[in-house]
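Following: one structure in structure tokens, then a few remarks.
The values are calculated or read from the model by the stated rules, or taken from the named source; none is laboratory data. The structure displayed is predicted, hence computed values, not measured ones. Cβ coordinates were reconstructed from backbone atoms using ideal geometry, including for glycine residues, and neighbour counts include every protein chain displayed.
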Amino acid sequence: MFLTSAGMEQYLFTMGVLVSFIGMLIGVYFSRRQIRGIFKERGIDSKKLLLSFAIVLVFVSAEALIVKPTQQLFFDDTIYQDMAINLLHMGQAWMCTYGTASSCIIGSTFHEPIGTAFLLAIGFAGFGLSRTTAYGTMFFMAAVSVFMTFVVALLLSKKFKVAIFSEFIMALTPVLLVWAYPTTSDMPMLAFSLIAIAMMLVFLERRSMATLFTALMALSLLTYMKIDGVVYLIAIPLLYVIVSDGSLRQSIMNNMKRVREYWLDTRFLLVILVFVLAIAPEVGFAANELVFGSFGYQGAYVQQTCMVNQPSVIASRPIDLQNFEANLCSNVDYWLNSYASIDIIQPLAFTAFAIIGVAFMLAAGYRRQLLAIAVWFGLFFVLYTSFYAGGVLYGVDWRFMLSLAAPAAILGGYGIYGIAKTASMFFGGGFER
């Protein structure tokens with residue numbers, strides 16, 4: 001069993017995610033002074049940091065008091081938990097089809113191979129094997145997502161108030177509250193996407209080997225959380241170029257020049273080597289799935305949400321224009337809170353704040369930050385709308401909106417900041433940072 005191609009593939013996933021996770025922790029340790037320095041430059045003292053933690057507590061309280069832990073995605077929830085148990089016992093995150101209580105005899109690679117199972121395995125190892133532990137692990141990742149929304153908004157805007165408003169919106173976003181417990185791969189991808197973007201922004205400001213290593217290890221770890229995470233291999237470099245100083249053309253030229261200089265640095269080559277070795281198993285798997293994977297589309301019907309009187313279309317591919325046209329209206333209407341009656345909720349006020357945020361950023365000259373957020377949001381909106389099961393009305397797949405929640409919350413943070421700043425101009429009083 002252990003010498004089969006699938007078995008060896010699973011060991012490669014295990015090694016890749018371990019190298020990425022340990023590497024990221026080591027990188028954060030060696031980057032800690034630089035990260036702390038950036039926080040100080042943003043004026044973040046203990047009181048402001050406590051306020052950001054208080055908002056995390058608001059999220060935790062709302063989740064604990066309102067939302068009942070339950071599985072929502074059958075049978076993925078239990079598959080991830082089963083994979084975590086196999087990872088602890090055997091070092092392989094098998095989707096087991098035949099085995100004993102402590103080993104898997106016949107298994108296969110799941111379409112989300114290891115990331116979520118890896119996090120659940122850490123939870124099981126530390127707090128015992130139970131569904132409560134599984135829910136608690138995902139709950140922790142949701143809380144991390146709330147705090148990291150604050151961090152990303154702070155690094156991007158350089159304004160504490162924008163960051164705190166963004167975090168507050170994120171903490172009360174229904175899709176985050178509803179999907180904070182279930183053991184799906186969407187929540188881990190959200191949390192680690194925010195961590196990876198934050199570390200990219202830290203590297204942008206410090207450009208040290210330690211921050212580069214941390215950013216790359218965080219990016220590698222992100223790709224293991226969900227196969228969709230490989231999109232960030234395009235998104236994060238794009239965001240880096242967009243938010244760099246100077247024009248986009250100048251930014252590209254400057255960064256190409258830096259890369260040419262770095263090729264003479266042995267440390268840089270070592271960092272790149274570790275990154276490539278760590279991420280290679282997941283990228284290889286994702287490439288194979290892109291070419292040969294079906295993701296269960298055969299025979300699936302996609303509702304025509306823009307032409308409600310028309311019959312559903314039969315999916316011909318996992319991702320294509322036909323799916324995009326069918327899902328487009330539902331994925332737009334979601335942001336207008338059109339489906340609250342069936343418990344698919346996006347507060348209209350939050351969407352309004354985001355739209356105001358776009359207008360404020362254009363008027364105030366924050367065009368580079370706006371473009372970065374728009375690319376972040378747009379890539380995943382197009383991806384999921386083009387996916388046959390990516391419409392918010394397809395089963396329980398409004399969970400995909402988790403990937404859009406953070407950029408929308410940051411736009412909303414800019415919107416509230418813009419409203420408050422404009423009001424202060426009319427009524428007096430300072431409201432700068």
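Counting residues that are assigned by TED's automatic domain parsing to the domain that holds T116, closer than 30 Å to E261 by Cα and hydrophobic (A, V, I, L, M, F, W, C), which helices (runs of 4 or more DSSP H) fully inside segment 157-222 reach at least 3?
On the way: elements: 160-171, 174-178, 186-206.
Output list reads 186-206.
Among the listed residues F53, F74, which satisfies the condition of being out of contact with any Gly (no Cβ under 6 Å at 6 or more places or on another chain) and in a helix (DSSP H, G or I)?
On the way: F74 fails: in a helix (DSSP H, G or I).
Exactly one of F53, F74 is out of contact with any Gly (no Cβ under 6 Å at 6 or more places or on another chain) and in a helix (DSSP H, G or I), namely F53.
Take segment 85-144 and flag every residue that is polar (S, T, N, Q) and under 19 Å from the mean Cα position of the chain (by Cα). Break it down into steps so the answer makes sense when it comes.
Looking only at segment 85-144, we keep the residues that are polar (S, T, N, Q), and these are 86, 92, 97, 100, 102-103, 108-109, 116, 130, 132-133, 137.
T116, T137, listed by residue number.
Just to be sure I understand the filter: pairs with C-beta atoms under 6 Å, separated by 6 or more residues or on different chains, first member in segment 294-307 and closer than 12 Å to G390 by Cβ, second member outside any loop (DSSP other than H, G, I, E, B). Which pairs pass?
Note: pairs meeting the criteria are V302/V313; V302/N323; V302/A326; T305/C329; T305/S330.
Can you tell me which residue is nearest to the chain's Cα centre (by Cα) among those in segment 308-342 that are assigned to a loop (DSSP other than H, G, I, E, B) and in contact (Cβ under 8 Å) with a residue 40 or more places away in the chain? Working first, answer last.
Going through segment 308-342, the residues assigned to a loop (DSSP other than H, G, I, E, B) turn out to be 308-312, 315-318, 320, 337-339.
This time we only want the ones that are in contact (Cβ under 8 Å) with a residue 40 or more places away in the chain, so: 315, 317-318, 320, 339.
Details: A315: 27, R317: 25, P318: 21, D320: 23, Y339: 24 Å.
Across segment 308-342, the extreme among qualifying residues is P318.
Based on what the data block shows, is I44 within 20 Å of the chain's Cα centre (by Cα) and either of a type in the set (F, W, Y) or farther than 22 Å from V17 by Cβ (or both)? Please lay out each step first, then the result.
On the way: within 20 Å of the chain's Cα centre (by Cα): no; either of a type in the set (F, W, Y) or farther than 22 Å from V17 by Cβ (or both): yes.
Against the criterion (within 20 Å of the chain's Cα centre (by Cα) and either of a type in the set (F, W, Y) or farther than 22 Å from V17 by Cβ (or both)), I44 does not qualify.
Test Y366 against the criterion of being buried (at least 18 other Cβ atoms within 10 Å of the Cβ), within 25 Å of the chain's Cα centre (by Cα) and in contact (Cβ under 8 Å) with a residue 24 or more places away in the chain, and give yes or no. Talk me through it step by step, then tell me what you get.
On the way: buried (at least 18 other Cβ atoms within 10 Å of the Cβ): yes; within 25 Å of the chain's Cα centre (by Cα): yes; in contact (Cβ under 8 Å) with a residue 24 or more places away in the chain: yes.
Considered against the rule, which asks whether it is buried (at least 18 other Cβ atoms within 10 Å of the Cβ), within 25 Å of the chain's Cα centre (by Cα) and in contact (Cβ under 8 Å) with a residue 24 or more places away in the chain, Y366 comes out as yes.
Anything in segment 25-50 that is closer than 17 Å to L155 by Cα, surrounded by fewer than 15 Cβ atoms within 10 Å (Cβ to Cβ) and not small (G, A, S)? List them, or say none.
R32, R33, R36, K40, E41, D45, L49 - these are the residues of segment 25-50 that are closer than 17 Å to L155 by Cα, surrounded by fewer than 15 Cβ atoms within 10 Å (Cβ to Cβ) and not small (G, A, S).
Looking at the structure I just gave you, is S61 part of a helix (DSSP H, G or I), assigned by TED's automatic domain parsing to the domain that holds G107, crowded, with 20+ Cβ neighbours inside 10 Å and modelled with pLDDT of 95 or more? Step through it out loud before you land on a result.
Working: part of a helix (DSSP H, G or I): yes; assigned by TED's automatic domain parsing to the domain that holds G107: yes; crowded, with 20+ Cβ neighbours inside 10 Å: no; modelled with pLDDT of 95 or more: yes.
Considered against the rule, which asks whether it is part of a helix (DSSP H, G or I), assigned by TED's automatic domain parsing to the domain that holds G107, crowded, with 20+ Cβ neighbours inside 10 Å and modelled with pLDDT of 95 or more, S61 comes out as no.
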